[in-house]
1. One residue is enough: does the range 36-46 have a residue meeting the conditions surrounded by 13 or more Cβ atoms within 10 Å (Cβ to Cβ), among the hydrophobic types (A, V, I, L, M, F, W, C) and part of a loop (DSSP other than H, G, I, E, B)?
2. Given SER79, SER70, SER15, which one is among the small types (Gly, Ala, Ser), under 22 Å from ARG103 (Cβ atoms) and touching a Leu at 6+ places or on another chain (Cβ under 7 Å)?
3. Out of curiosity, is GLY30 assigned to a loop (DSSP other than H, G, I, E, B), surrounded by 14 or more Cβ atoms within 10 Å (Cβ to Cβ), at pLDDT below 95 and not hydroxyl-bearing (Ser, Thr, Tyr)?
4. What residue, of PHE9, PHE50, is under 22 Å from ARG98 (Cα atoms) and surrounded by fewer than 16 Cβ atoms within 10 Å (Cβ to Cβ)?
Amino acid sequence: MTEPPEELFRRWTHSFEEDGPGVAVYRPDGFPFPRARGRDGMEFTADGGFVDRPVGRGDAPGSWRGVWRSDDGRLLAVSFPGTGRPGRTLEVLTCDGRALVLRA
């Protein structure tokens, strides 16, 4: 089993201005984003914790706690046990600490 890169384990915010065909770009906390009404994000911890941070009603940030797992370090299965919230699979294309690029 290959582990995801260490740089993954932090809070990421969607940089939708940088998205391209088939890719979604996320930047780490502290990145100087241009103004926006709201940005979704996510956070990964090395112990398998995950927090989904969608933009909610009135552009207020939401927060859903879940877990992630991976067999190959590239495909991350995210789930939200006991919440009824559907899980999803995230495909990491690149992650270097400055940007997390996922297949959209």
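The values are calculated or read from the model by the stated rules, or taken from the named source; none is laboratory data. Only a predicted model underlies this, so the values are computations on that prediction, with no experimental measurement involved. Every residue, glycine among them, receives a Cβ derived from its backbone with ideal geometry; neighbour counts consider all protein chains shown.
1. So far as the range 36-46 goes, yes, one or more of its residues are surrounded by 13 or more Cβ atoms within 10 Å (Cβ to Cβ), among the hydrophobic types (A, V, I, L, M, F, W, C) and part of a loop (DSSP other than H, G, I, E, B).
2. SER70
3. no
4. PHE9
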